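I have placed the structure first, in the form of structure tokens, so that the comments after it can refer back to it.
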Amino acid sequence: MGEAVRILRVLAQHPGLELEWDEWDLGADRFLETGVTISDREFRSLADDYDAILLGALGDPRVPDNEHARDILLGLRFRLDLYVNYRPCLVRHPRHSPLRSPAGAAMDVRFFRENTEGSYAGVGGALRQGTPDEVAIQEDVNTYRGVERIIRAAFHYARSRGRRRVTMVDKANAMAAPGALWRRVFEEVAAEHAGIEARAMYVDAMAMDLVRRPDHHQVVVTSNLFGDILSDLGAVLAGGLGMAASANVHPGQHALFEPVHGSAPDIAGRGTANPMAAILCVALLLEHLGWTWAARSVEAAVEAALEDEVGTPDLGGEAGTVDVGRWIADHLTDDQALWERQTDE
């Protein structure tokens, strides 16, 4: 996150960008000292006082039940009703995709994962825990409203970005009730979007298809659980979780941006974590605020680093976290086209 903030500091010097931010400490150290994950006052401030949230990866082995991360991340998703989890999975340099083919190099899939329902809604429980008769139940919650709005978001994105294909993913052959709802709503919304190819696929077939022909898919919309899994697969095929950014959005209301990779406690303190995912979250944030031209400059700077083989060990490089962040920041500073640009015309 330090390198993401470094990029923000560079961009804040641009006369066409009105960027201001506050840095909050919501880390595990504070929780372990005070017992507070996120207070109601802090939540209200995030909801009312800011245009966007840039959140660092959460998770600390000193909190074995994950209460700290769960309260903050899932709390913000549900309390702000951030129903769109948007994850772009595109190969920014073919050298980093495990798919050694032209199709792999052309992969550019945009995942729209329903973010507030499904198997993560927290409905369920356990009986007779610790006995041979233990029962664990987790309900899969799907509402017409929840399904419709995420499907509409996917089609709106496809139409506004000139994408011609939207794929809905479910497991209707085994999960008949939610599958029927998803397929019916998908057909309803697809009928309103002439010219966009709409196709439904089972999740296992999609997992195979992403590997077999990743260039075939453009926009994928699916449930919370399936979206979580498939977008991670897509991220690895595109070059790894170290470059995977995400947006959690309620269009027109709230937006939270976070790297997908988690806190990686196994490499904590080594200075080798890949900052590109966090930096690409800055690009998503800029685009959300209407500065698409600046977002593209950040993406181009990341791609220039990849082209120049500036990368952390997860990408086969020898650079450290700060080295990569500084290289990208310097590239932005030297980007004459960026500094001459004032609007998104």
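The values are calculated or read from the model by the stated rules, or taken from the named source; none is laboratory data. These numbers were taken from a predicted model, which means no experiment stands behind them. Please note: Cβ atoms are built from the backbone with ideal geometry, for glycine as well, and neighbour counts cover all protein chains shown.
Restricting to segment 21-49, and then to whatever is farther than 23 Å from residue 253 by Cα, among the hydrophobic types (A, V, I, L, M, F, W, C) and touching a residue at least 12 places away in the same chain (Cβ under 8 Å), can you tell me which residue is surrounded by the fewest Cβ atoms within 10 Å (Cβ to Cβ)? Per the stated criteria, the residue is 32. Within segment 100-123, which residues are within 22 Å of residue 152 (Cβ to Cβ) and either charged (D, E, K, R) or assigned to a strand (DSSP E or B) (or both)? Of everything in segment 100-123, those that are within 22 Å of residue 152 (Cβ to Cβ) and either charged (D, E, K, R) or assigned to a strand (DSSP E or B) (or both) turn out to be 108, 109, 110, 111, 112, 113, 114, 117, 118. The set of residues from segment 149-165 being of a type outside the set (D, E, K, R) and over 25 Å from residue 118 (Cβ atoms) comprises 160, 162.
Considering only residues of segment 210-238 that are among the charged types (D, E, K, R) and at pLDDT 95 or above, which is surrounded by the most Cβ atoms within 10 Å (Cβ to Cβ)? Per the criteria, the residue is 228. When the residues of segment 96-124 are filtered to those that are among the acidic types (Asp, Glu) and under 16 Å from the mean Cα position of the chain (by Cα), the one that is surrounded by the fewest Cβ atoms within 10 Å (Cβ to Cβ) is 108.
For segment 190-210, enumerate the residues that are out of contact with any strand residue (DSSP E or B) (no Cβ under 8 Å at 6 or more places or on another chain), assigned to a helix (DSSP H, G or I) and of a type outside the set (D, E, K, R). Within segment 190-210, 191, 205, 207, 208 meet the criteria. Scanning segment 148-184 for residues that are part of a loop (DSSP other than H, G, I, E, B) and touching a helix residue (DSSP H, G or I) at 6+ places or on another chain (Cβ under 8 Å) yields 163, 164, 171, 172, 173.
Filtered by the rule that a residue be in contact with a strand residue (DSSP E or B) (Cβ under 9 Å, 6 or more places away or on another chain) and in a loop (DSSP other than H, G, I, E, B), segment 250-273 gives 251, 260. Looking across segment 286-303, the residues that are assigned to a helix (DSSP H, G or I) and under 18 Å from the mean Cα position of the chain (by Cα) come down to 286, 287, 288, 292, 295, 296, 298, 299, 302. Of everything in segment 110-154 that's over 17 Å from residue 220 (Cβ atoms) and aliphatic (A, V, I, L, M), which residue is modelled with the lowest pLDDT? Here the answer is 121. Within segment 177-190, take every residue that is closer than 13 Å to residue 148 by Cβ and not acidic (Asp, Glu) and give me the one that is surrounded by the fewest Cβ atoms within 10 Å (Cβ to Cβ). Applying the filter and picking the extreme gives 184. Any idea which residue in segment 287-319 is nearest to residue 54 (Cα to Cα), counting only those that are hydrophobic (A, V, I, L, M, F, W, C) and in contact with a Lys or Arg (Cβ under 9 Å, 6 or more places away or on another chain)? Per the criteria, the residue is 294. Here segment 51-99 is the region considered, the condition is being assigned to a strand (DSSP E or B) and not charged (D, E, K, R), and the residue that is farthest from residue 252 (Cα to Cα) is 90. Looking at residue 241, is it under 14 Å from the mean Cα position of the chain (by Cα), crowded, with 16+ Cβ neighbours inside 10 Å and modelled with pLDDT under 95? Yes: the conditions hold for residue 241.
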